[in-house]
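Reviewing the structure listed below.
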Amino acid sequence: MENINNTYRESIISEATTLRWEVGENFHDSLMESIYKNASEIAAHSVTKKNKQQNHTFDQKLDKIITSRMFGFPAMFIVLAVVFWVTIIGSNAPSAMLASVLIDKIHPWLKEIAAAISTPLWISGLLIDGAYLGMAWVVSVMLPPMAIFFPLFTLLEDFGYLPRVSFNMDSLFRKAGAHGKQALTMSMGFGCNVAGVIATRVIDSPRERLIAIITNNFALCNGRWPTQILIATIFIGGAVPGYLAGIASAGAVVGVALLGVVLSLVVSWGLSRTVLKGEASTFSLELPPYRPPRILRTLYTSLIDRTAIVLWRAVIFAVPAGLVIWLVSNITIEGISLAEYFINWSNPFGLLFGLNGVILLAYIIAIPANEIVIPTILMLTVLTLGMNSVGAGDGVMFELESVNATADIFKAGGWTLLTGINLMLFSLIHNPCSTTIYTIYKETRSLKWTTVSALLPVVMGFIITFFVAQIWRLI
């Protein structure tokens, strides 16, 4: 390189001397032209140029699509939609199999054993119909979706796609006063809000991490997808002609999920300009190269570090929930159960929000796990209507295989299209499950922010459903 510099210097001096005598007053222009010419010749000898095909590698070509303004967001929605679709469709058979084993076979078998050893009815009811069934419903509904979603999500992470999602969403979250990486934690929340809250550890700023934790509940977790799909199928699909039912139902569920993203941005914006003021921090996002996922490591990380831990926490909270459900349905005062007392008392309040007392009680006693909301609603509806031929008894959660049979029970309970719409909204915007609340406290070590995270969504849920109900009645 030193020889090149010396050659270049000598060439310039020689050229300048020659030009001074030859061109006179045009010396400056000619000198500059000569310098550029010599620089071009030296560059041609010392720099090796790659051809155009070599410049555009596979990574660059793919990034031109995935991170472009035109195709980035559509590609992101398509990828996430495929993941959710595979999760929902793929979990149906395993969920049905687990429910068949845990609920249809083991539950009656436990009841037979209890009867054979003359166990008092209240003990077998409390432990088997209450605690065991609460655990069985959570495992059968929660395990298959998580066992599918988390490996798929980890594969996308290993492949290098998730950093591109953060890159695409960064501008939106920065405008909301949040961190670009909140897009990743929100996406993880679609599988489980517990995992989404834990994933906020990737955000360095304590203020922005807190915003991500508080707003993660607006991402529909797998425990709420079954409620959304069932209610949309019955009420949204039932409100349109048959040939449009599937499209209308799917559109309603996707619309609710997108509303959650919008609410996450809006609440992030509000928090960043009030109680959590501050400028959005900048971060250097290095897009890693695309690489083949490591299947075995992915399975271990997703099934052991995520699925098993989250499921264990959910089971711990689901067991006492089952106990409470059985107790409030079977403890009676003057022949009326505690559940019926609460439902009758809260029903006018629930109707004000386009809901009812059954839904309110179901969401209170099902705080430990969103997976048991529909079985609890069905059990409470049958209880209040006195439909003794349906279900397996007071306090025993159940589901029906037929969507039409489920719709008949809801409609017998006075449900309308408004009830279905507002239940979908309230399912999106209500307090986190107890497992998520516990995880929030572990991550923040703050009772104050845990309380805010728990109460803010439910207050918003009541406000939004109230306005929807009032507008509906005016129309």
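The values are calculated or read from the model by the stated rules, or taken from the named source; none is laboratory data. Keep in mind the model is a prediction, meaning the values are calculated, not measured. Ideal geometry is used to build each Cβ from the backbone, glycine not excepted, and the neighbour counts take in all protein chains shown.
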Ala308 being assigned to a helix (DSSP H, G or I) and farther than 22 Å from Leu184 by Cα = no
request  = Check whether at least one residue in the stretch 240-249 is out of contact with any Phe, Trp or Tyr (no Cβ under 9 Å at 6 or more places or on another chain), over 18 Å from Ile359 (Cβ atoms) and not in a helix (DSSP H, G or I), and report yes or no.
outcome  = yes
task = Of the conditions (1) in contact with a helix residue (DSSP H, G or I) (Cβ under 9 Å, 6 or more places away or on another chain); (2) in contact (Cβ under 8 Å) with a residue 24 or more places away in the chain; (3) at negative phi, Gly278 clears all except one; give me its number.
result = (3)
Only one of Ser346, Ser268, Ser337, Ser264 that is in the same structural domain as Ile463 (by TED's automatic domain parsing), within 30 Å of Ile471 (Cα to Cα) and polar (S, T, N, Q) = Ser346
inquiry  = Can you confirm whether Ile409 is of a type in the set (Val, Ile, Thr), assigned by TED's automatic domain parsing to the domain that holds Leu338 and within 24 Å of the chain's Cα centre (by Cα)?
reply    = no
query = Of everything in the stretch 129-166 that's polar (S, T, N, Q) and more than 30 Å from Ala115 (Cα to Cα), which residue is modelled with the highest pLDDT?
reply = Thr154
query = Given Leu417, Leu378, which one is within 27 Å of Leu102 (Cα to Cα) and assigned by TED's automatic domain parsing to the domain that holds Gly335?
reply = Leu378
ask   = Would it be correct to say that Ile471 is within 22 Å of the chain's Cα centre (by Cα), of a type outside the set (D, E, K, R) and under 21 Å from Ala232 (Cα atoms)?
value = no
task = Examine the stretch 424-446 for a residue that is closer than 18 Å to Val141 by Cβ and surrounded by fewer than 15 Cβ atoms within 10 Å (Cβ to Cβ), and state whether such a residue exists.
result = no
remark   = Restricting attention to the stretch 373-417, the residues that are at positive phi, modelled with pLDDT of 90 or more and surrounded by 20 or more Cβ atoms within 10 Å (Cβ to Cβ) number exactly 0
remark   = So the helices (runs of 4 or more DSSP H) completely within the stretch 71-186 holding 2 or more residues that are surrounded by fewer than 18 Cβ atoms within 10 Å (Cβ to Cβ), free of Cβ contacts under 8 Å to residues at least 60 places away in the same chain and within 21 Å of the chain's Cα centre (by Cα) are 72-99
task = Report yes if Pro457 is touching a helix residue (DSSP H, G or I) at 6+ places or on another chain (Cβ under 6 Å), in contact (Cβ under 8 Å) with a residue 12 or more places away in the chain, under 17 Å from Leu360 (Cα atoms) and outside any helix (DSSP H, G or I), otherwise no.
result = no
query = Out of (1) part of a helix (DSSP H, G or I); (2) within 21 Å of Asp104 (Cα to Cα), the odd one out for Ala407 is which?
reply = (2)
key: Glu399, sole failed condition from (1) part of a helix (DSSP H, G or I); (2) under 20 Å from Asn356 (Cα atoms)   = (1)
Those residues of the stretch 188-228 which are over 15 Å from the mean Cα position of the chain (by Cα) and either assigned to a helix (DSSP H, G or I) or in contact (Cβ under 8 Å) with a residue 40 or more places away in the chain (or both), in sequence order = Arg201, Val202, Asp204, Ser205, Pro206, Arg207, Glu208, Arg209, Leu210, Ile211
